[in-house]
Amino acid sequence: MRGKTNQGDDAMTEARVIPIRGSRGPARTRRRDEDPRHRDDTARPSVVEAVAPPAPEEADETPPPGWEIALTEVLEFLRRRLAGDYAVDEFGFDAELADNLVLPALRPLYQKWFRVETIGMHHVPDTGGALLVANHSGTLPLDAMMSTVAVHDEHPARRHLRLLGADLMFRLPVAGSVARKSGATLACTPDAERLMSNGELVGVFPEGFKGIGKPFRDRYKLQRFGRGGFVSAALRTGVPIIPCAIVGAEETYPKIGDIAPLARLFGAPYFPITPTFPLLGPAGLVPLPSKWYIEFGEPIRTDDHTPADAEDPMLVFNLTDQVRETIQHTLYRLLSQRRNVFLG
């Protein structure tokens, strides 16, 4: 009887254990884990916890690719243009258009083709009005364009250079409109004074067409700086004058001749002949990849004078000559340091 009893007890024990482990074991285990009274901090996580996804705040956020960001910016720019949600100042300057279309179009020339290097950018003030005076050369006004990119991209304040241009530029069908929207305006004293009084950085090329259209044999020899109108404007507004020397522009389109009848026909100051134009046709319009340097000199202060001093012809002449000589000496120094026209 004892043997049977023991056998029956064993059978009953198995009958109790098998159903509990087979059907209710996992559920019991989960309930014990969820119950704080039975929680074991050193226990291994359950299967459910092991495969659970991380919390949203802990998930890795992969930034969108660059092309997607660029596309978003372009679409947003187009939306604002179509909706008319942009500002234009009294001179027609459209800063958003310049930053998103004009300057990006010029940067490949600036960075890859001419490989422009700037010197003395710390002389350009971060804020307030100033007058930047530079030499002009190269048959086409690429030096003005590259100066605009240099001031915007290399200066910590990313300032816009408001160029003063001849009336011929604004009469051109497309170029004139683009120039005005890029910040250029007519080279007249009232406009220059109003811009500088408003705290703008104004750029002027006093040589004008005499400088940009001079023969290649006269390269880097400054022409006459006019009557000093830019000095008078600086004296009336009390802004500093920043001499700027540009090396490299003379070699982009070496002018070796001029066809005067064609110049008169098109109403231009000259019709240039270069080693590649018009011999190679449209391909001759590609500028030579000379190495450029743009140096900004120490500002010449005018705030120690009164606006009435702008009417003193001797003072205006002396300051004009000082600016011209500063630029000329800087050109000679940069040229003496240059080893090769195309390699620098």
Condition check for residue 194: under 22 Å from residue 96 (Cα atoms) and under 20 Å from the mean Cα position of the chain (by Cα): no
Determine, yes or no, whether residue 321 is of a type outside the set (Ser, Thr, Tyr) and farther than 21 Å from residue 134 by Cβ. no
Matching option when the condition is touching a residue at least 12 places away in the same chain (Cβ under 8 Å) and more than 20 Å from residue 147 (Cβ to Cβ), among 254, 190: 254
Taking into account only those residues within the stretch 286-305 that are modelled with pLDDT of 95 or more and exposed (fewer than 14 other Cβ atoms within 10 Å of the Cβ), which is nearest to residue 122 (Cα to Cα)? 298
Considering (1) over 26 Å from the mean Cα position of the chain (by Cα); (2) within 19 Å of residue 274 (Cβ to Cβ), say which one residue 246 fails and leave the rest. (1)
Cβ pairs under 6 Å, 6+ apart, first in the stretch 216-233 and over 21 Å from residue 318 (Cβ atoms), second outside any helix (DSSP H, G or I): 216/254; 216/255; 216/256
What are the residues in the stretch 164-191 that are of a type outside the set (A, V, I, L, M, F, W, C), under 23 Å from the mean Cα position of the chain (by Cα) and surrounded by fewer than 15 Cβ atoms within 10 Å (Cβ to Cβ), if any? 177
Just wondering, is there one or more residues in the stretch 114-126 that are within 25 Å of residue 223 (Cβ to Cβ) and among the hydroxyl-bearing types (Ser, Thr, Tyr)? yes
State whether one or more residues within the stretch 334-342 are closer than 22 Å to residue 224 by Cβ and not basic (Lys, Arg). yes
Can you find a residue in the stretch 156-163 that is surrounded by fewer than 17 Cβ atoms within 10 Å (Cβ to Cβ), on the phi < 0 side of the Ramachandran plot and free of Cβ contacts under 8 Å to residues at least 40 places away in the same chain? yes
Boolean, residue 242 is surrounded by fewer than 16 Cβ atoms within 10 Å (Cβ to Cβ) and either β-branched (Val, Ile, Thr) or at pLDDT 95 or above (or both): no
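The values are calculated or read from the model by the stated rules, or taken from the named source; none is laboratory data. In this text the structure is predicted, and so the values were computed from the model without any measurement. Neighbour counts run over all protein chains shown; Cβ positions are idealised from the backbone, glycine included.
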